[in-house]
Amino acid sequence: MFLNFEDKADVISKLKGLDKNQQPEWGIMTPQHMVEHLIVTTKMSNGSLTIPCRTPKEQIPQYKAFLLESDQEMQKGIKAGGTEGLLDLRYPSLEAAIDKLENEINQFHFYFENHPNAKIVNPVLDEIDYEDWKTFHKKHFTHHFKQFGLI
């Protein structure tokens, strides 16, 4: 079962039910680290943060097949490339981070409403369009919502 990423009200409602001290079912993130991680990936998808693709060109088709075309979920414990350990928190509270994430989701949809044919670099999948970003977010948000028992 995947989260309906396009139902922003439900996404934010689930996050607002998260206790700041909740322990993850796997991994080392705190609830706020998880939300801030989602902020980063959403900023990548709305054009406000650019991170180059780090996947070798010959491997991109298999990543696209898994992340965009299959019904398989992301594995528990998968690590974001390029980072080791937890990043420093950037927002003063979990609530502030959730508000920022909501704003970034709004910016994501706004960007593609105004640039419907745009393709934006995903650090794993290279350039992808709006529909592919929505599919990526659906899987990625589901992965982290399951990490904290939100779905």
Next on the checklist: Among the residues of region 30-49, are any within 16 Å of ASP88 (Cβ to Cβ), modelled with pLDDT under 95 and of a type outside the set (Phe, Trp, Tyr)?
Outcome noted: no
Item to check | Search result, residues across region 95-151 that are in a helix (DSSP H, G or I), of a type in the set (Val, Ile, Thr) and farther than 14 Å from LYS43 by Cα | outcome: THR135, THR142
Item to check | Test: residue in region 132-150 that is of a type in the set (Gly, Ala, Ser) and either open to solvent by 30 Å² or more (accessible area, probe 1.4 Å) or modelled with pLDDT under 95 (or both) | outcome: yes
Checklist entry - Counting only residues that are open to solvent by 50 Å² or more (accessible area, probe 1.4 Å) and acidic (Asp, Glu), how many does region 103-128 have? => result 2
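The values are calculated or read from the model by the stated rules, or taken from the named source; none is laboratory data. Just so you know, these numbers come straight off a predicted model, no measurement behind them. Neighbour counts are summed over all protein chains in view; Cβ atoms, including those assigned to glycine, are modelled from backbone coordinates with ideal geometry. Side chains included, ligands, DNA and RNA excluded: accessible areas come from the protein's heavy atoms. Shrake-Rupley method; radii C 1.70, N 1.55, O 1.52, S 1.80 Å.
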